[in-house]
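The structure under discussion appears below in the form of structure tokens.
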Amino acid sequence: MAQVRLPTALVTLFPGTPRRLVLPGATVADVLTSLDEQVPGIHDRLFTSRRQIRDHIRLFVDGEAADLSTLVPPRSTVDVVLAVSGG
């Protein structure tokens, strides 16, 4: 099981969703599947129609940049971060 931390901007789109959840998964993809089971519809906010992480989403496992295939050891922390851009 991993602790998943979500940004406030994402959580506000799904009323009642906590910013921190404990979810199962061996990889980041597995954890995000578990997240969508707990928060139906969040998948569409994280993934494109081609099942790729959206450009403005960054993923980290225990503080290290991650992708969908990154392994998630037990008791890890998975952070979902919204990238900031400007101009």
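The values are calculated or read from the model by the stated rules, or taken from the named source; none is laboratory data. Quick caveat: nothing in here was measured; it's all calculated off a predicted structure. Cβ placement follows ideal geometry from the backbone for every residue including glycine, while neighbour counts extend to all protein chains displayed.
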So in the stretch 39-68, with the set limited to residues that are part of a loop (DSSP other than H, G, I, E, B) and of a type in the set (D, E, K, R), which one is nearest to residue 79 (Cα to Cα)?
62
Enumeration of residues in the stretch 7-31 that are over 12 Å from the mean Cα position of the chain (by Cα) and either part of a loop (DSSP other than H, G, I, E, B) or not hydrophobic (A, V, I, L, M, F, W, C) (or both)
8, 12, 13, 14, 15, 16, 17, 18, 24, 26
Considering only the stretch 5-51, state which residues are closer than 19 Å to residue 65 by Cα and small (Gly, Ala, Ser).
25, 26, 29
If we keep only residues of the stretch 5-20 that are out of contact with any Lys or Arg (no Cβ under 7 Å at 6 or more places or on another chain) and within 18 Å of residue 57 (Cα to Cα), then the residue modelled with the lowest pLDDT is 9
Filtering the stretch 28-38 for residues that are farther than 15 Å from residue 79 by Cβ and either in contact with a strand residue (DSSP E or B) (Cβ under 8 Å, 6 or more places away or on another chain) or of a type in the set (Ser, Thr, Tyr) (or both) leaves a count of 3
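Specify which of the listed residues (39, 81) is within 14 Å of residue 5 (Cα to Cα) and in contact (Cβ under 8 Å) with a residue 60 or more places away in the chain.
The match here is 81.
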When you go through (1) of a type outside the set (A, V, I, L, M); (2) in a loop (DSSP other than H, G, I, E, B); (3) under 11 Å from the mean Cα position of the chain (by Cα) one by one for residue 34, which number turns out not to apply?
(2)
Could you tell me whether any residue of the stretch 8-21 is free of Cβ contacts under 8 Å to residues at least 12 places away in the same chain and surrounded by 15 or more Cβ atoms within 10 Å (Cβ to Cβ)?
yes
Filtering the stretch 30-87 down to residues that are modelled with pLDDT of 95 or more and polar (S, T, N, Q), which residue is surrounded by the fewest Cβ atoms within 10 Å (Cβ to Cβ)?
69
